[in-house]
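Notes follow the structure.
Derivation of every value follows stated rules applied to the coordinates shown; laboratory data play no part. It should be emphasised that the depicted structure is a prediction, and the values quoted were computed from it without experimental measurement. So basically every Cβ, Gly included, is an ideal-geometry build from the backbone, and we count neighbours across all protein chains shown.
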Amino acid sequence: MSVLKQLFNFYINSSIHVALAVYALTYLTLVEFGISYDKPVLYFVFYATITGYNFVKYFGLAKFHHRSLATWLKAIQIFSLVCFVLMCCYGLQLPTKILMYILVFGLITFFYAVPFLPKRIFVDKQHNLRSIGGLKVYVIALVWCGVTVFLPILSNGLSINDDVLITAFQRFIFVIVLMLPFEIRDLKFDSLKLSTIPQKIGVKNTKYIGIALALMMFLLEFLKDEITDKSIFSLFITLVITAVLVLFSKIEQDKYYSAFWVEGVPILWLLFRLFLS
């Protein structure tokens, strides 16, 4: 394997790419509401995303194979530890009330991976939030919504008005749509008891739902009190790209289709928005 491919795989597997996506959506909130670049919030979100995602993805592997961890997993563990330290450094620069708000999402992330509730609630032996049938995509959307919209708003002392609530709902919808290609890809791996969207309504209907949600998200933009041509155009282009990716998603998809291209859409959205500014 070439060095470049190894680095690229590390970039994906260590959650740097998804962290940039969350960073991008948080930055978009700052831009949309006229807030200046907030380094502590943005950097905290970036490092917290890496820490949280790697904890969720590799908790089980590290727990059961800690004596024989692969080199790549050890590297990710060390990298995650560094990111955790940096997350704490930037977190300490945030107001105490914001840290309490962040704690809520931290606990959700923790219990998303760690068993904590009675067996009868779950569909498998994991006993965590991730294993509750039909809940996965909505938990992820809720956390992304809270972190990328409400966190920068509250941290900068802005009030929660109608535009903020609409943006939060749009973001919730957007994350669900982005999750659909992942849900379709994972059909061959997921237990039927997980009740994912494609399992319940099929791949074709899942794509239709994705297109409908993207259209709803676009129309919601016109309910805001303050909208600009730049925000509308960048949103439109982003949703067109998202819709195309959803339409072309399939069970047997390329390794990087969802993990890189779909997850990279928020980064493109930010770039479009900044280019138009």
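A few comments on the model shown:
- For the chain, alpha-carbon Rg relative to the globular expectation (2.2 N^0.38 Å, N residues): 1.00
- With a cut-off of 10 Å between beta carbons, the residues surrounding L223 carry a summed charge of -3, where Lys and Arg count +1 and Asp and Glu -1.
- Legend: distances between Cα atoms for K136/K204; K5/K136; K74/K136; K5/K74; K57/K255; pairs beyond 22 Å are K5/K136; K74/K136.
- Between the residues G146, S14, F44, the greatest Cα displacement towards the positive end of the dipole of the chain, with unit charges on the Cβ of Lys, Arg, Asp and Glu, is found for S14.
- Each peptide in 197-203, 22-28 was scored by the mean count of other Cβ atoms within 10 Å over its residues; highest first, the order is 22-28, 197-203.
- When I160, I16 are arranged by Cβ crowding within 10 Å, least crowded first, meaning fewest neighbours, the order is I160, I16.
- Taking other residues whose beta carbon is less than 13 angstrom from the beta carbon of A24, and scoring Lys, Arg as +1 and Asp, Glu as -1, yields 0.
- Compared with the alpha-carbon gap, the fully stretched path from I78 to L274 is longer by 67.2 nm at 0.36 nm per residue.
- Theoretical gain in end-to-end length, N156 to S195 [0.36 nm per residue, Cα-Cα removed]: 10.2 nm
- Using a Gaussian network model of the chain in which every pair of alpha carbons under 10 angstrom is joined by a spring, one finds that among K255, K74, K136 the greatest mean-square fluctuation is at K255.
- For region 169-277, the alpha-carbon radius of gyration amounts to 1.12 times the rule-of-thumb value 2.2 N^0.38 Å expected for a compact globular protein.
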